[in-house]
Amino acid sequence: MNEPVDEARVTLTAAPADLLVARIAELLEREYGITETELLQVDYRLAALLPLSGGDEVTSPGHPAWRCFDHETPVYADGTGYLPVNMRGERRGVLRVAPLDDDGLLADLLEIATSLAHELTAVDPGTDVYRVARRSRRLTLAAEVQWELLPGRSRTRPSFSLAGQLEPAYAVRGDSFDWSDDGERVWTATINGMGEGVAASMLSMLATCALRNARRAGIPLADQATLADQAVYDMHRGEQHLSTLLLELDLRTGLLTAVDAGSPRLVLLRAGEVTVQALEAQFPLGMFEGTNYHEQYIQLQRGDRLFMISDGVIDATGRSTRYGETALDRMLRRTGPMTPLDAVRSLLGDLRAFVAGDLTDDAVVVCLDWTGPQP
């Protein structure tokens, strides 16, 4: 039994929500002589690591904290330890500890950092302390609504890995995504909402909640789309609608079920080759009364990667040209060795560099890897 690690778990469970890091710092000083403990949280844009206590953000890709975050592994540099604060694939940030004279302690400290990640996730809905600290600037009201809706930003299980991101992160309006899994299947919804400001975010919220309600009733994917379509139409009578791509993946067989409701595109990366999946475009949710949707099927192979991409990516405009299919194809090929979160982050980073700043239109990217059936 590792007493400091077990004590850390007890300490975190008993600590007030706003004092998790402070209580862990006290334990680390007592047990290991560590006098500096800092939580660096990744910001909404996935571009900066922000200290919980304030101070300078970390943005340099070569910094040990970023190496720790990117590779999801402890890093020891110049008497300082950097531990990934991860929970079930959700990367929250990095725990920085110093002085650390022995890198042999990294294994114990990694367990403590993982326990911290679990407890941060547990307390997050009930306190603003950690959400406020991971913002490099204020969110718009519409963006606040969208981020509150998300199931997370990344998810990992032995049979799949999943990640998604919204841009412009601090001012997104109508684009969003959702997912869920039950161990045998994983569902995703990628939403390309219409409109501006809070009206767009409220439309996406209605669709997301309607889809969740239908999914949790255990009905087939096409019926989920039908019920969500009815909810949006009843509210807006066809004056507002939104494009949605619904997917259900059987984790045992790799059979993918899809409903394309005027949706973001579905792109397959297989053995280094990129192909846009030809789906039958059906009406967006809420456009007409009484729309019936039907399902299509795609058989995945072990190691396949799927991207769900809204039109805000391809239609993004630089100084004189659109980002377009060619740039997208090239970038997707480059993501092959990356994790889904890094693939999403790299694609949107490349897009921001192309437009030389924030996007003027919403963009959402979701990446799903199927690694095959597991024992």
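The values are calculated or read from the model by the stated rules, or taken from the named source; none is laboratory data. This one's a predicted model, so the numbers in the text were calculated from it and none came from an experiment. Because the Cβ atoms are built from the backbone with ideal geometry, glycine has one as well, and the counts that use them run over all protein chains shown.
Quick one: what pairs do we get from region 65-86, first residue surrounded by fewer than 22 Cβ atoms within 10 Å (Cβ to Cβ) and modelled with pLDDT of 95 or more, second of a type in the set (S, T, N, Q) and part of a strand (DSSP E or B), C-beta under 8 Å, 6+ apart or different chains?
Listed pairs, sorted by first residue: Glu72/Asn86.
Please work out if Val123 is of a type in the set (Val, Ile, Thr) and outside any helix (DSSP H, G or I). Walk me through it before giving the result.
Numbers: of a type in the set (Val, Ile, Thr): yes; outside any helix (DSSP H, G or I): no.
No.
Kindly indicate the residue of region 16-67 that is assigned to a helix (DSSP H, G or I) and in contact with a Phe, Trp or Tyr (Cβ under 7 Å, 6 or more places away or on another chain) and also nearest to Gly164 (Cα to Cα) among those meeting that condition. Spell out how you get there, then give the answer.
Taking region 16-67 first, the residues assigned to a helix (DSSP H, G or I) are 17-32, 64-67.
Narrowing the set further to residues that are in contact with a Phe, Trp or Tyr (Cβ under 7 Å, 6 or more places away or on another chain) leaves 64-65.
On the way: Pro64: 25, Ala65: 22 Å.
Top of the filtered list is Ala65.
Pairs under 9 Å by beta carbon, first residue of a type in the set (Val, Ile, Thr) in region 88-117, partner assigned to a loop (DSSP other than H, G, I, E, B), six or more apart or different chains?
Val97/Ile34
Among the listed residues Val313, Val267, Val344, identify the single one that is at pLDDT below 95, within 20 Å of the chain's Cα centre (by Cα), among the aliphatic types (A, V, I, L, M) and in the same structural domain as Trp187 (by TED's automatic domain parsing).
Numbers: Val267 fails: at pLDDT below 95; Val344 fails: at pLDDT below 95.
After applying the criteria, what remains is Val313.
Limited to region 238-276, what total is found for residues that are outside any strand (DSSP E or B) and either hydrophobic (A, V, I, L, M, F, W, C) or touching a residue at least 24 places away in the same chain (Cβ under 8 Å) (or both)? Please lay out each step first, then the result.
Initial filter on region 238-276 (outside any strand (DSSP E or B)): 238-241, 251-254, 262-264, 271-272.
Right, trim to either hydrophobic (A, V, I, L, M, F, W, C) or touching a residue at least 24 places away in the same chain (Cβ under 8 Å) (or both) and you get 238, 240-241, 251-254, 262-264, 271-272.
Qualifying residue count for the region: 12.
Assuming Met287 fulfils every condition listed in (1) touching a helix residue (DSSP H, G or I) at 6+ places or on another chain (Cβ under 6 Å); (2) farther than 21 Å from Val145 by Cβ apart from one, which condition is it?
Exception for Met287: condition (1).
Looking at (1) within 25 Å of Leu341 (Cβ to Cβ); (2) at pLDDT 95 or above; (3) basic (Lys, Arg), which is the only condition Arg216 fails?
Result: Arg216 passes all but (1).
Which of the residues spanning region 172-200 are of a type in the set (Lys, Arg) and at pLDDT 95 or above?
At the first step, the residues of region 172-200 found to be of a type in the set (Lys, Arg) are 173, 185.
Across region 172-200, the qualifying residue is only Arg185.
Given the options Gly152, Gly218, Gly183, name the one that is part of a loop (DSSP other than H, G, I, E, B), surrounded by fewer than 21 Cβ atoms within 10 Å (Cβ to Cβ), more than 18 Å from the chain's Cα centre (by Cα) and touching a residue at least 24 places away in the same chain (Cβ under 8 Å). Lay out the reasoning, then the answer.
On the way: Gly152 fails: more than 18 Å from the chain's Cα centre (by Cα); Gly218 fails: touching a residue at least 24 places away in the same chain (Cβ under 8 Å).
Only one candidate passes the filter, namely Gly183.
List the number of the failed condition for Ala222; all other conditions in (1) under 25 Å from Glu144 (Cβ atoms); (2) in contact with an Asp or Glu (Cβ under 8 Å, 6 or more places away or on another chain) hold.
So Ala222 meets the others, but not (1).
What helices (runs of 4 or more DSSP H) completely inside region 307-363 contain at least 1 residues that are within 19 Å of Gly193 (Cα to Cα) and touching a residue at least 12 places away in the same chain (Cβ under 8 Å)? Can you show your working first?
Details: elements: 311-314, 324-334, 340-355.
Passing ranges, in order: 311-314, 340-355.
Across region 151-178, what is the total count of residues that are farther than 17 Å from Asn86 by Cβ and in contact with a Gly (Cβ under 8 Å, 6 or more places away or on another chain)?
Taking region 151-178 as the starting set, the residues that turn out to be farther than 17 Å from Asn86 by Cβ are 159, 166-178.
Filter again for in contact with a Gly (Cβ under 8 Å, 6 or more places away or on another chain), leaving 159, 167, 173-177.
Number of matching residues: 7.
Give the residues of region 24-37 that are touching a helix residue (DSSP H, G or I) at 6+ places or on another chain (Cβ under 8 Å) and either under 26 Å from Arg138 (Cβ atoms) or surrounded by 15 or more Cβ atoms within 10 Å (Cβ to Cβ) (or both), sorted by residue number.
Ile24, Leu27, Leu28, Glu31, Tyr32, Ile34, Thr37
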